[in-house]
């Protein structure tokens with residue numbers, strides 16, 4: 001694996017953080033915890049993008065494939081508003097319990113339902129449709145998301161995937177299984193007539209795909 005590339009110049013990232021509104025104490029505490037544990041979260045810049053994307057389509061329901069301890073769920077839960085719902089999937093019960101605690105403290109506990117287990121298996125068993133499907137599972141499984149997400153996502157809904165530049169490793173052919181998974185999902189999204197996709201080089205890369213039919 002090559003050395004990690006800086007997707008966004010650190011000076012630009014510092015500027016973006018400086019001009020962004022300060023996070024509330026719950027989000028700030030979650031960011032500190034993630035840094036202490038070396039736990040990957042989307043961070044405030046991508047969090048704001050998730051919130052804006054969901055608000056832009058008046059989303060009322062979100063499915064998260066991979067939720068950790070609830071950082072992105074906070075952004076989505078605020079976007080869907082009172083009466084909206086976020087279904088969060090997480091393999092670790094400890095992370096889910098921690099997420100529930102953070103969400104309750106943020107006043108959002110009634111908007112988020114954690115389901116424990118494999119995100120893709122949980123998704124396969126779901127009924128109904130969502131306005132947003134957020135993909136942040138193990139990268140080698142990324143290509144599986146497209147088929148699973150389509151029946152769960154309403155036309156006009158958004159499939160959003162994190163880490164789509166994967167530390168810059170996507171620029172190399174070959175690579176490890178995680179890199180190949182990210183590359184393949186990118187190829188599938190751009191090739192699919194069912195989606196209109198753009199890849200935003202923010203943080204570690206985010207694709208936003210609009211379901212067309």
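The values are calculated or read from the model by the stated rules, or taken from the named source; none is laboratory data. Quantities reported herein were computed from a predicted structural model and do not represent experimental measurements. Methodologically, a virtual Cβ is constructed for each residue, glycine included, from the backbone with ideal geometry; neighbour enumeration extends over all protein chains shown.
Values computed for the structure shown
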item	result
Per-region count, region 45-61, residues over 19 Å from residue 88 (Cα atoms) and surrounded by 14 or more Cβ atoms within 10 Å (Cβ to Cβ)	2
Residue list for region 149-177, filter: surrounded by 15 or more Cβ atoms within 10 Å (Cβ to Cβ) and assigned to a helix (DSSP H, G or I)	149, 150, 152, 166, 167, 168, 169, 170
Which listed residue is more than 29 Å from residue 10 (Cβ to Cβ) and touching a residue at least 40 places away in the same chain (Cβ under 8 Å), from 196, 210	210
Qualifying position, being modelled with pLDDT of 95 or more and within 25 Å of residue 159 (Cβ to Cβ), among 26, 86	86
Given (1) loosely packed, with under 13 Cβ neighbours inside 10 Å; (2) modelled with pLDDT of 95 or more; (3) more than 25 Å from residue 159 (Cβ to Cβ); (4) in contact with a helix residue (DSSP H, G or I) (Cβ under 9 Å, 6 or more places away or on another chain), number of the condition residue 36 does not satisfy	(4)
Among the candidates 64, 31, residue that is crowded, with 20+ Cβ neighbours inside 10 Å and either in contact (Cβ under 8 Å) with a residue 12 or more places away in the chain or part of a loop (DSSP other than H, G, I, E, B) (or both)	64
Residue tally, condition within 17 Å of residue 132 (Cβ to Cβ) and touching a residue at least 40 places away in the same chain (Cβ under 8 Å), over region 81-108	1
Enumeration of residues in region 115-130 that are touching a helix residue (DSSP H, G or I) at 6+ places or on another chain (Cβ under 8 Å) and crowded, with 22+ Cβ neighbours inside 10 Å	123, 130
